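I have placed the structure first, in the form of structure tokens, so that the comments after it can refer back to it.
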Amino acid sequence: EAIKLLRDAIEDEPQNAEFKYYLGTFYEDSEQFDKAEEFIQAAIELDADNPRYYFRLGVVYDKWNRKEDSMATMRKVIELDPKHANALNYLGYTYADLGTNLDEAERLIKEALKYKPNDGYITDSLGWVYYKKGEFEKALEYLKKAVEIVPDDPIMLEHLGDVYLKLNNKSEALKYYKKSLQHKEKDKE
């Protein structure tokens, strides 16, 4: 219904970038990534300097498993808004998750923390960078703090389990893996 409503609204106001952006987000939610890209790109054509549109497009590319496009789009967000904490974190976390550019990932995430110092997701990202660098004690410090801030995120809980496993604390690892599974909706295997 929302998609139909927005399509009708766009027919009435074809130059309304916000309508196209929101329609793109509805397509993203329904995992119709090609249509999400089409409408968010259409919003960008009408408002080319809006970092929010580029950020959402980068998220769509990530969900669509187009990592290179996602990273390029996040770099565009940062170019438009160098203090965009979520884009800084997104790009840094993506690097960390891929195990590449770890020093750059650390720099980006620390920059994001300047603007959102008590954000659990950004704190988790920094911990994940240290995990990927093999600095497990440092990773543990940040991952524990992240889980204190956001206690029910399955990925953060899994990250904490991973670092405990690397530190050979299997009972704590198992505890956090079980907590992660309690909150996971998919990828339970």
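The values are calculated or read from the model by the stated rules, or taken from the named source; none is laboratory data. Quantities reported herein were computed from a predicted structural model and do not represent experimental measurements. With ideal geometry, Cβ positions are generated from the backbone for all residues, glycine too; neighbour counts draw on all protein chains shown. Side chains are part of the model used for accessible areas, which takes the heavy atoms of the whole protein and leaves out ligands, DNA and RNA. Shrake-Rupley method; radii C 1.70, N 1.55, O 1.52, S 1.80 Å.
Numbers below:
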{"item": "Residue among Met156, Asn50, Gln15 farthest towards the positive dipole end of the chain, charges placed on Cβ", "result": "Met156"}
{"item": "Principal axis dimensions, largest first and in whole angstrom, of the chain by Cα", "result": "61, 33, 26"}
{"item": "log10 of Debye I(q)/I(0), alpha-carbon scatterers only, for the range 81-189 at 0.23 Å⁻¹", "result": "-1.22"}
{"item": "Protein accessible area in the chain, 1.4 Å probe - carbon and sulfur %", "result": "47 percent"}
{"item": "Principal axis dimensions, largest first and in whole angstrom, of the range 1-74 by Cα", "result": "35, 26, 14"}
{"item": "Magnitude of the charge dipole, the chain, Cβ model with Lys/Arg +1 and Asp/Glu -1, debye to 20", "result": "980 debye"}
{"item": "Sparsely packed GluC sites (Glu not before Pro) within the range 1-62, loop by DSSP, other Cβ within 10 Å at most 13", "result": "Glu1, Glu31"}
{"item": "Solvent-accessible surface (1.4 angstrom probe) belonging to Leu181, in square angstrom, nearest 10", "result": "80 Å²"}
{"item": "Estimated Rh, the range 148-189: Kirkwood, alpha-carbon pairs, angstrom", "result": "10.1 Å"}
{"item": "The chain: angle of helix 17-29 to the longest principal axis, Cα-based, in degrees nearest 10", "result": "50 degrees"}
{"item": "Per residue accessible area in Å² of the range 59-154, where ligands, DNA and RNA are left out and the probe is 1.4 Å", "result": "48 Å²"}
